[in-house]
1. If a residue has to be touching a strand residue (DSSP E or B) at 6+ places or on another chain (Cβ under 7 Å) and not hydrophobic (A, V, I, L, M, F, W, C) to count, how many in region 110-146 make the cut?
2. For region 99-142: of the residues being assigned to a loop (DSSP other than H, G, I, E, B) and small (Gly, Ala, Ser), which is surrounded by the fewest Cβ atoms within 10 Å (Cβ to Cβ)?
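All of the numbers you see were taken from the coordinates with simple rules; none came from a lab. As the structure is a prediction and not an experimental result, all values here were calculated from the model. No Cβ is skipped: glycine too gets one built from the backbone with ideal geometry, and neighbour counts run over all protein chains shown.
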Amino acid sequence: MDEEITYADLRHPTGSLPPAKRQRVPWDFQKACMLGVLLLLLLLLVTGLSVCVFQKTTPPPSAARHCPETNGRNGTELCKNTSIEQHFCQSKWSSSAAPAACLLCPQFWRLLGDRCYGLSTEKENWTQAKMKCENLQSQLAVLRKKAEKDHLQQMAGEESQPVWIGLEVSTNQ
């Protein structure tokens, strides 16, 4: 059995060969990669939400009573104030050793001890200043301690502007 092997050179004109096929990644592998990325994102989301939930403290039941279901202006403001107080006074509910109250002062007012102090920039007489305080549901300061006087002087600044305090002489006695 003599078989003869013949080799031949075949030349194809350019462009007649089919383009080389790129090997494609199997579709199942792509699905697995996308699923893995989605699971990783889901894991990160669940972890982040868990941290947020477990770090929050729940207010006592008495705080819930301050937020009536009414849509009135006072009810809404009270609920906003309660949530602001919860935000700034979290230690109030998270620990029994925390102070019994957390005081928040109006904007541009300063807290000293258990009182808020605010200075007006307007020049008024004593009666006008008293009326303005009453309109703000407040009253002129009655200084009982040296610390209050020092605090008020510090608030007034170096300009030494006159400051009205809440002394009034009653003639009806």
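1. 2
2. The extreme case among them is Ala100.
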